[in-house]
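Below is one structure, written out as structure tokens, with a few remarks after it.
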Amino acid sequence: MNKNVERGQATRAHLVDVATRLFAAHGYDDTSINMVQAESGVSRGSLYHHFPGKDALFWAVLEAVAARVGGQLAAAEADAPDPVAAMRAGLLEWIRVAADPEVRQIGLIDAPAVLGWQRWRELDEQGSLGFIRAALECAAEAGRIDVRHVDSFAHIVLAAANETAMKIARADDTAAALSAGESAFADFLDRLLGDPERPRSDPRSQLSG
């Protein structure tokens, strides 16, 4: 690889690393391009060569954080025996990751505000909704949920996971919110999907009994 290209890539990666720390520590509004430039030791011209403004820099930071989180979720899903178990493992890992300071501030607090709520939701759906829907289709084939509800349930599960993550991200006591959120979301999935080895009971029989 050309040495200039290597140096350029190294400089860009360094800027993203520095900006990630600053955005996580101070938030988007209180982090300036000047702060990133001073902290990184990179010239102003070099910084603007890679990133024309703070929004472009934030987008690069968000992509880097998302890539790291994606790797963590993939690792959590790797040993799952089936798609439904993989979905459960991945979503519970996402809820745990919400307590990470970088994910909390950059991905869950700042990103919806900077990108706009609709754009943030669209990006999240592109990355997660299809995976959840495919897992629920497998659950429907196994008789664990009604096939008619697969699409609606996919949106509900994604919304529940994200709301739980948001609650953790904005909590004053992150550890307590994480413990409560993880437990509640796991129970929600268990109630939705039931035990694959046990037929669903008829609620009318419970009422009559």
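The values are calculated or read from the model by the stated rules, or taken from the named source; none is laboratory data. For clarity, every value in this text was computed on a predicted model and none was experimentally measured. Note that each Cβ is placed from the backbone with ideal geometry, even for glycine, and that neighbours are counted across all protein chains shown.
Here are a few things to note about the model shown:
- Meets criteria (in contact with a Leu (Cβ under 8 Å, 6 or more places away or on another chain) and either within 29 Å of VAL150 (Cα to Cα) or not hydrophobic (A, V, I, L, M, F, W, C) (or both)) for SER32: no
- ARG44 vs. criteria out of contact with any His (no Cβ under 6 Å at 6 or more places or on another chain) and modelled with pLDDT of 95 or more: no
- Among the residues of segment 132-181, those that are β-branched (Val, Ile, Thr) and assigned to a helix (DSSP H, G or I) comprise ILE132, VAL147, VAL150, ILE156, VAL157, THR164, ILE168, THR174.
- Helices (runs of 4 or more DSSP H) lying entirely in segment 1-115 (those with 2 or more residues that are over 16 Å from the mean Cα position of the chain (by Cα) and basic (Lys, Arg)): 3-26
- Taking the listed residues ARG133, ARG119, the one that is within 23 Å of the chain's Cα centre (by Cα), surrounded by 15 or more Cβ atoms within 10 Å (Cβ to Cβ) and either modelled with pLDDT of 95 or more or over 15 Å from LEU92 (Cα atoms) (or both) is ARG133, with no other qualifying.
- In segment 1-20, the residues that are within 14 Å of GLU63 (Cα to Cα) and of a type in the set (Lys, Arg): ARG12
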